[in-house]
Amino acid sequence: MPVSAALRRLLHVRGLEEEQQRLALETALAGLHALGLALERNRARERRGRRRIASAADQADRIGALVETQSATRHAAALVPRIAAVDREVARLREQYLSKRVERRQAETLIRETEAADALEGSRRAQQDLDDWFGARAGRARSAAASARPPLKKL
């Protein structure tokens, strides 16, 4: 039985769904990476502010460095829960992607097995046709040989 068009369409749809999930996962991973970079930048800004506090010559510079340090600390504190939420979203999207990948592979396996069974059946039919042809040819040769012999006399 040849692979149906519906099964091939199912494989195509599964491939498209997998691709969409992969793209969503890549987008979420890029967002997570950007948030991680933003957190690192804020922590570096906080360190620079602390160094400026220590090296400030006058009161205004110290106050400016303190404000910068506090601002960076607040931004970093706000980023941590966002990073955790995006990390959970990435895990969820990864699971969905892997699920779609399994579904696509199942459809591929089903098509491959059907094609292999078709090829095996075709090979069996071809061998059966050859056997039938050879048997018919051998039968014709025997009947031709029998008709070429002189008839036996009865005693």
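Please treat every number below as a calculation from the coordinates, not as lab data. These figures come from a predicted structure and were not determined experimentally. As a convention, Cβ positions derive from the backbone with ideal geometry for all residues, glycine included, and neighbour counts pool all protein chains shown.
If each DSSP helix of 4+ residues adds -39,500 (n - 2.57) and the sum is divided by the residues in the chain, what number results at 222 nm, nearest 500 deg cm²/dmol?
Computed ellipticity for the chain at 222 nm equals -34500 deg cm²/dmol.
If you take the beta carbon distance between R92 and A54 as r and set R0 to 41 Å, what does 1/(1 + (r/R0)^6) give as a FRET efficiency, to the nearest 0.05?
For R92 and A54, the calculated efficiency is 0.40.
Show me, bin by bin at 5 Å from 0, the whole-percent P(r) of the chain based on Cα pairs.
The distribution over the chain is 2, 8, 8, 8, 7, 6, 6, 6, 6, 5, 5, 5, 4, 4, 3, 3, 3, 2, 2, 2, 2, 1, 1, 1, 1, 1, 0, 0, 0, given as percents.
So how strong a dipole does the chain carry about its Cα centre when Lys and Arg Cβ are +1 and Asp and Glu Cβ are -1, to the nearest 20 debye?
Computed charge dipole of the chain: roughly 480 debye.
Using the charge dipole of the chain (Lys, Arg: +1 at Cβ; Asp, Glu: -1 at Cβ; taken about the Cα centre), state which of N42, T73, L7 has its Cα farthest towards the positive end.
L7
Which FRET efficiency value, to the nearest 0.05, do you get for T27 and Q106 by plugging their Cβ-Cβ distance into 1/(1 + (r/R0)^6) with R0 = 30 Å?
Here the calculated transfer efficiency is 0.70.
List the GluC sites (Glu not before Pro) within the range 92-148 that fall in a DSSP loop (any state other than H, G, I, E or B) and whose Cβ has at most 10 other Cβ atoms within 10 Å.
none
Could you give each residue of the range 75-85 its phi-based ³J(HN,Hα) in whole Hz, using Karplus coefficients 6.51, -1.76, 1.60 with θ = phi - 60°, and x for Gly or Pro?
So the Karplus estimates, Gly and Pro as x, are 5, 5, 5, 6, 6, 4, x, 5, 4, 4, 5 Hz.
Rounded to the nearest 20 debye, what is the charge dipole size of the range 45-92 about its Cα centre when +1 sits on each Lys and Arg Cβ and -1 on each Asp and Glu Cβ?
For this selection, approximately 120 debye.
In what sequence do I63, I83 fall when counting other Cβ within 10 Å, fewest first?
Sorted ascending by nearby Cβ count, the order is I63, I83.
Would you mind telling me which residue in A24, A57, A107 has the biggest mean-square fluctuation in a Gaussian network model of the chain, where springs connect alpha carbons within a distance under 10 angstrom?
A57
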